[in-house]
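In what follows, a single structure is set out as structure tokens and then discussed.
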Amino acid sequence: MKISIIGAGYVGLISGACFAKLGHDVVLIDIDADKLATIAKKEDLPIHEEGLQELLEEVHIDTSTDYGKTVDSDVIFVCVGTTADENGNIFSEHLINAANDIAGVLKKQQKYCVVAVKSTVGPGMTESLVIPLLEKSGRKAGKDFGICMSPEFLQEGRGIYHFMNPSRIIIGEYDGRSGDVLERLHQSLKAPVMRASLRTAEMIKLASNAFLATKISFINEIGNICKKLGIDTYEVARGMGLDERIGNKFLNAGIGFGGSCLPKDLRILISGARETGYQPELLREVSNLNENQALKPVELLKKHIKLQGATVGILGLAFKPGTDDIRDSRAIKVAEALLAEGAMVKVYDPLAVANFIKTCPQVLPASKEEVLDSDAVIILTEWEEFMELDYRGKIVIDGRRIEKAREARIYEGVCW
Ligand code: UDX
């Protein structure tokens, strides 16, 4: 099939490369010509992702800033980024622009084409926002063109693996013909397919991420209790995880969840619920607990040293290992809190330093050794290389359970 992908961000680029690998003709559209140039040259890629460089070298993808290149596509995927403010209000400017530009293409399109939204949207937005914009083309959804909502569940760092080995393929469809096209497109991927309405698909995505977030905040709360009682939270989680109804995944206690999806999707769901007049108390607490959890390392450190005038080293800035992404990383909150207390902050991360100092320019990039030489060290990302450092003689607050750090002179886990 001819596949067009709008938005060369994380989801768009991985989906494009993987659809090309599956044998489809792919064109990747983005407004950022510089980003497209790095993708076309396969050099200095805009994201760090395991296997992406190799995959791009193997397949062929066209790149363009011109929506005209999408004419006569079988499927146009909308993968532009959406962000949400603290209250869950979505900034849908990119989505609106993309839908308007696709409407221009639909006017010229000769054959039947399905527009599939992959961007995360609030409940009901494909129907209430995207379809009316596309219908400005004078074409009718469900008759002249198809529309689907096709949520992605890729985990950063392992996105290609997850695309090729999905847990499930959820197809939100406006009408049966649209859904049939998407089902055919995914048929070589061996995974259960579930077809649903557009709204249900949107909610499956939001609810899945809200559930993962809940699991993490739940174990963090148990951890906060266990720490007071002198019980090892990780042992408790291991025991709980043996029950297959609970499962052992996403029970790693620590400083909470960051990244581009979990915090944002939770805020979008909370705001969507409130718009209906329902107060989602549980989800609100999941989010509050996560925000407070991020500040635990600073609270704990204050018991051991005076922060004013001290040098504090941070090991790990990425929101999780395997990525250079710092979006909603807990490290931003920790660094800002330390700076506000008058500490000097040295930071080390194998990939994310350049991104971090754009957001938090007051910190000082340093080597691992220099960070370890600080008055105290806080570990915020569980990079493998931190499991081999020499922590003897140091004061360490551990936000991610690095066993080796226990050899420190003073060691505290955030919730164990
Ligand atoms: C997430 C979802 O997992 C994925 O399905 C969705 O499509 C996009 O959002 P991602 O943002 O890549 O993926 O990160 P994920 O691996 O889910 O981790 C999110 C955050 O939770 C990280 O900050 C991680 O450190 C934290 N986490 C995860 C924990 O604190 N404890 C855990 O047990 C698991």
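The values are calculated or read from the model by the stated rules, or taken from the named source; none is laboratory data. Note that the structure is a prediction, hence the values are computed from the model and not measured. Here the Cβ positions follow ideal geometry from the backbone for every residue, glycine too, while neighbour counts run over all protein chains shown.
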Contacts under 6 angstrom Cβ, first residue in region 319-331 being in the same structural domain as Ser287 (by TED's automatic domain parsing), partner more than 7 Å from the ligand (Cβ to nearest atom) and at pLDDT 95 or above, 6 or more apart: none
Residue satisfying all of: in region 103-122; within 29 Å of the chain's Cα centre (by Cα) and of a type in the set (S, T, N, Q); nearest to Ala273 (Cα to Cα) among these: Thr120
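Which of the following residues is out of contact with any Gly (no Cβ under 7 Å at 6 or more places or on another chain), farther than 30 Å from Tyr112 by Cα and without any contact (Cβ under 8 Å) to a residue 60 or more places away in the chain: Asp44, Asp32?
Values: Asp32 fails: farther than 30 Å from Tyr112 by Cα.
None of the other options fit; the residue is Asp44.
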The listed residue being more than 25 Å from Gly316 (Cα to Cα), away from the ligand (no atom under 11 Å from the Cβ) and modelled with pLDDT of 95 or more, out of Leu300, Leu229, Leu295, Leu206: Leu229
When residues of region 104-147 are limited to those that are among the polar types (S, T, N, Q) and touching a residue at least 60 places away in the same chain (Cβ under 8 Å), the one nearest to the ligand (Cβ to nearest atom): Thr120
Which listed residue, of Thr38, Thr70, is β-branched (Val, Ile, Thr), in the same structural domain as Arg158 (by TED's automatic domain parsing), more than 21 Å from the chain's Cα centre (by Cα) and under 23 Å from Ala318 (Cα atoms): Thr38
Residue match in region 268-286 (condition: touching a strand residue (DSSP E or B) at 6+ places or on another chain (Cβ under 8 Å) and touching a residue at least 12 places away in the same chain (Cβ under 8 Å)): yes
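Output yes when any residue across region 254-265 is among the basic types (Lys, Arg), surrounded by 20 or more Cβ atoms within 10 Å (Cβ to Cβ) and in a helix (DSSP H, G or I), and no when none is.
Yes - at least one qualifying residue is present in region 254-265.
Here are Gly172, Gly124: which of them is surrounded by 20 or more Cβ atoms within 10 Å (Cβ to Cβ), farther than 25 Å from Lys42 by Cα and in the same structural domain as Val11 (by TED's automatic domain parsing)?
So the residue among Gly172, Gly124 that is surrounded by 20 or more Cβ atoms within 10 Å (Cβ to Cβ), farther than 25 Å from Lys42 by Cα and in the same structural domain as Val11 (by TED's automatic domain parsing) is Gly172.
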Among (1) assigned to a strand (DSSP E or B); (2) on the phi > 0 side of the Ramachandran plot - the single one Gly138 does not satisfy: (1)
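Each row is one residue, and each column tells you yes or no for (1) part of a loop (DSSP other than H, G, I, E, B); (2) among the aromatic types (Phe, Trp, Tyr); (3) surrounded by 14 or more Cβ atoms within 10 Å (Cβ to Cβ).
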| position | (1), (2), (3) |
| --- | --- |
| Leu36 | no, no, yes |
| Ile39 | no, no, yes |
| Glu43 | yes, no, no |
| Glu50 | yes, no, yes |
| Leu55 | no, no, yes |
| Asp72 | yes, no, no |
| Phe77 | no, yes, yes |
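If a residue must be among the hydroxyl-bearing types (Ser, Thr, Tyr) and within 13 Å of the ligand (Cβ to nearest atom), how many such residues does region 239-277 contain?
Our first condition is that a residue be among the hydroxyl-bearing types (Ser, Thr, Tyr); within region 239-277, this holds for 260, 271, 276.
Subset that is within 13 Å of the ligand (Cβ to nearest atom): 260.
The number of residues fulfilling the criteria is 1.
A quick yes/no check of all residues on (1) in contact with a Pro (Cβ under 9 Å, 6 or more places away or on another chain); (2) hydroxyl-bearing (Ser, Thr, Tyr); (3) closer than 30 Å to Lys2 by Cβ:
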position	(1), (2), (3)
Tyr174	no, yes, yes
Ser178	no, yes, yes
Lys205	yes, no, yes
Glu235	no, no, no
Among residues of region 148-190, those that are within 13 Å of the ligand (Cβ to nearest atom), assigned to a loop (DSSP other than H, G, I, E, B) and touching a strand residue (DSSP E or B) at 6+ places or on another chain (Cβ under 7 Å), counted: 3
